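Here the structure comes first, spelled out in structure tokens, and everything after it is commentary.
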Amino acid sequence: MKTLLAPMKGTKSPIRDPRYEMISPKMQHHGGVALLTFNVVNYGKLPNQPETVLARWNSTEVYGRIDGQWKIFHSHWSFIKPELKRPGS
């Protein structure tokens, strides 16, 4: 793994002005356990390009109450494939 990441060491990301939008958060709560589901859209600017959508994600997070504080027990993120545009559409 180190060999694969070595060329990236010390390099700057070409993405500028990154931001995200959390969409449709839904919280479900039962006793000392809570489930949060939401979608995320990542935005950013590539060199000499306007802002664009970089990725879309589904997210699920499970929280538990320990000693009066909410802690994340589990977090799952799945990439949403971009829509493919057909030629002529």
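Bear in mind that the values in this text are calculations on the coordinates, not laboratory data. Keep in mind that what you see is a predicted model, and the values were worked out from it rather than measured. Cβ atoms come from the backbone with ideal geometry, glycine included; neighbour counts cover every protein chain shown.
Note that region 32-71 shows a convex hull volume over its alpha carbon atoms of 70 Å³ per residue.
Remark: spin-label model distance residue 27-residue 76 equals 2.2 nm, labels positioned 7 Å along the Cα→Cβ axis. Normalised by the number of residues in region 12-79, what is the relative contact order in percent for Cα pairs under 8 Å and 6+ residues apart? This gives 26 percent for region 12-79. Highest mean first, the peptides 62-74, 30-42 sorted by other C-beta atoms within 10 Å per residue fall in the order 30-42, 62-74.
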